[in-house]
Amino acid sequence: MIANDDKDTATPSSGEEDKGEESATTPLNPKALNGNNEMTMVVSLNTEPVRESWSKKVEFLLAVIGFAVDLGNVWRFPYICYQNGGGAFLIPYCVMLIFGGLPLFYMELALGQFHRSGCISIWKRICPALKGVGWAICITDIYMGMTYNTIIGWAVYYLFASFTDTLPWTSCGNPWNTNSCLPILHANFSLNSTTPAKEFFERSVLEINKSDGFNDMGPIKPTLAICVFSVFVLVYFSLWKGVKSTGKAVWVTALAPYVVLIILLIRGVTLPGAMQGIQYYLTPQWHMLLTSKVWIDAASQIFFSLGPGFGVLLALSSYNKFDNNCYHDALLTSIINCLTSFLAGFVIFSVLGYMAFVQKTTIDKVGLEGPGLVFIVYPEAIATMSGSVFWSIIFFLMLITLGLDSTFGGLEAVVTALSDEFPHAIGRRRELFVLILLLGIFILALPTMTYGGMYLVNFIGVYGPGLSILFIVFVEAVGVFWFYGVNNFSKDIEQMLGKKPGLFWRICWKFISPIFLLGILIFTVLNYKEMLGNEYEYPEWVHTAGWTLTMSTLMFIPIYMLYKFAVTRGPFKDRICATFKPMNISTIIPGQQGAAV
């Protein structure tokens, strides 16, 4: 069973040391006939440890679902849906799922399961010159961990603030409130007024009023830093033992949000005005389908929702059994992810309809996207309900569990990648490495916990993963489908599942998926300033710094490509060929890391 049976052997320089290479192995078959026609056993001399695997198949599925279903399903999809034609938006959304998102999702699950490697080591089996893609993914995931864990920390702050007789954002009589603060139901409420919920988020949780943006971020807020640190502690004890600990954690973090979503939905639809909100959410505006923006927004939403390119799907599926049906897994988990987004829309818009009803206004004047929706508008609505403390506690518990799953995945991708690349130095010291990694990310993230930290969170989110990940996944798709080849990739899947992927998948992988990614990349680059929002005008030097941040991840791709070419021996043409051809590395016995068959 050979991974690259129709590939020529690359010729790396003898001076190049591939630290992720498996140690020498000898067997070609577990059993063989000797000269006397007697059966003998061939013993492997491989010293690598047996690769751990998921205790139960359902734990893998929960981990994938938990990664894909994140805060964006709650604060992004409903807004994008109603902004782009309501129910009509579901048509381009499903089209982009079928032809763009799902093929990439399936690709990563299959790659990780077949090669049983993280996002760095896997490239020597596919296209050695693109190993820098793996390093770029790791840096991107670190940026993601810096900002995402801070946002979860905000939810932790709200959770602790909810354990009180009266929610602190119910009234204006608090030390952080201004003279402009008026309860949302106050008769004299005007456009110049601010709500208690808005001032609690900005002036109590973040204290952003004490910052002058990027010109003066202010000191670190201790209470916020403690909340974020508690998130890192939870993440550590979910990752330190590998899939054994993660598999146990996802039973809570992946399932709890669905319980809360259903409870909130039942409560939401019983509120006055809820039906008007849901109608606003779903009413089709068919003319919107004629605009290109709707289709581009659908493509962007499905891509960032499913999350290919972050190395997470590669890492999680690399702990599967070799013959696991990753095709069914891809279909099941991607569909659940999309249905969750749709369900979240009912939860959000039932409450937005209620807020429009009590404020005697229209829904478009109530709703916000992003953090403003879940940290201002929804808490504002909760504060007007009976039993508001209970609803607040379960809502922010849901946000925390939604976020934890995704940060588990992103950081597991880094841990798996570096453990596979350096099995002796890191792989055998996982607990210590995870501790050092998380401590390092927490220290790097401390500026996001300053008074002006929200500006930095937004900045890193756009210029870090927001822009670079699209280019990284485009290069990844080209490397797999064009350099390694759809035929070779299909043969790999045939070895696992018993049959090759159908013509539809091969066409998508060869042509449609790369075009899908290129289109999103071009549109995003042209509109990157819109992603930063309009609430704060970033200085021009910040945009220059932002592109530098983007290049800090992307630079690994050309740098490693040049390095690989430089250390490869032979004439120029042969070096080019050898640089892009997979090394002659056998596939791995199911359940065994580093053994050849």
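Which lysines, on any chain, are close to residue 499 with Cα under 23 Å apart, when same-chain ones fewer than 8 places away are left out? Within the straight-line cut-off, residue 499 pairs with 7, 57, 321, 491, 510. The alpha-carbon atoms of the stretch 458-559 define a convex hull whose volume equals 119 cubic angstrom per residue. Based only on the alpha carbon positions, what is the Kirkwood hydrodynamic radius of the stretch 283-421, in angstrom? About 18.2 Å for the stretch 283-421. Roughly what percent of Cα-Cα pairs across the stretch 99-145 reach past 18 Å? That fraction is 38 percent. The convex hull drawn around the Cα atoms of the stretch 513-558, when projected onto a plane and averaged over every direction, covers 4.1 nm².
Computed per residue of the chain from DSSP H runs no shorter than four, each worth -39500 (n - 2.57), the mean residue ellipticity at 222 nm is -17500 deg cm²/dmol. For residue 267, the solvent-accessible surface computed with a 1.4 Å probe is close to 60 Å², ligands and nucleic acids excluded.
Listed peptides 100-111, 383-394 appear in the order 100-111, 383-394 once ranked by packing, highest mean of other Cβ atoms within 10 Å at the front. At an R0 of 35 angstrom, the distance between the Cβ atoms of residue 424 and residue 495 translates into a FRET efficiency of 0.75.
Calculated FRET efficiency, residue 255 to residue 527, Cβ-Cβ distance, R0 = 51 Å: about 0.90 to the nearest 0.05. Here the stretch 365-438 and the stretch 54-88 have alpha carbon centers that stand 13 Å from each other.
In a DSSP loop and with at most 15 other Cβ atoms within 10 Å, the chymotrypsin sites (Phe, Trp or Tyr not before Pro) in the stretch 169-256 are 189.
Once the mean of 1/r is taken over each pair of separate Cα atoms and inverted, the stretch 409-476 shows a Kirkwood hydrodynamic radius of 13.9 Å.
Evaluated on the chain, the Kirkwood hydrodynamic radius is 25.3 Å, with distances taken between all distinct Cα atoms. Distances between placed amide hydrogens fall under 5 Å for residue 181 paired with 194, all partners being 5 or more residues away or on another chain.
Global dimensions of the stretch 121-166 from alpha-carbon coordinates: Rg and Dmax equal 19.1, 60 Å. Ellipsoid fit via the Cα gyration tensor, the stretch 383-504: semi-axes of 37, 23, 18 Å, each the root of five times an eigenvalue, largest first.
Please identify which residues in the stretch 70-90 have an amide N closer than 14 Å to a label point set 7 Å out from the Cα of residue 283, following the Cα→Cβ vector. Zone members listed by number: 82-88. Judged by a Cβ-Cβ distance under 4.7 Å, the unpaired cysteines of the chain are 81, 94, 119, 127, 138, 227, 326, 338, 508, 577.
Applying 1/(1 + (r/R0)^6) with R0 = 35 Å to the Cβ-Cβ distance of residue 573 and residue 518 gives a FRET efficiency near 0.80. Packing, as the average of other Cβ atoms within 10 Å across residues, places the peptides 498-505, 434-441 in the order 434-441, 498-505, highest first. With the simple model of a label 7 Å out from the Cα in the direction of the Cβ, residue 220 to residue 180 spans 3.1 nm. Relative contact order, whole percent, for the stretch 101-260 stands at 16, derived from Cα pairs under 8 Å and 6 or more residues apart. Descending by average beta-carbon neighbour count within 10 Å, the peptides 51-64, 74-87 line up as 74-87, 51-64, the highest first. The equivalent ellipsoid of the stretch 120-259 has semi-axes of 40, 21, 14 Å, largest first, where each one is the square root of 5 times an eigenvalue of the Cα gyration tensor. How fast does the stretch 214-308 diffuse by Stokes-Einstein, in µm²/s, taking the Kirkwood radius from C-alpha pairs at 4 °C and 1.567 mPa s? Calculated translational D: 70 µm²/s. Convex hull volume of the C-alpha atoms in the stretch 131-206, normalised per residue: 117 Å³.
The values are calculated or read from the model by the stated rules, or taken from the named source; none is laboratory data. What you see is a predicted model, and the numbers here were worked out from it, not measured in a lab. Methodologically, a virtual Cβ is constructed for each residue, glycine included, from the backbone with ideal geometry; neighbour enumeration extends over all protein chains shown. Areas reflect the complete protein model, heavy atoms only, side chains present, ligands, DNA and RNA absent. Shrake-Rupley method; radii C 1.70, N 1.55, O 1.52, S 1.80 Å.
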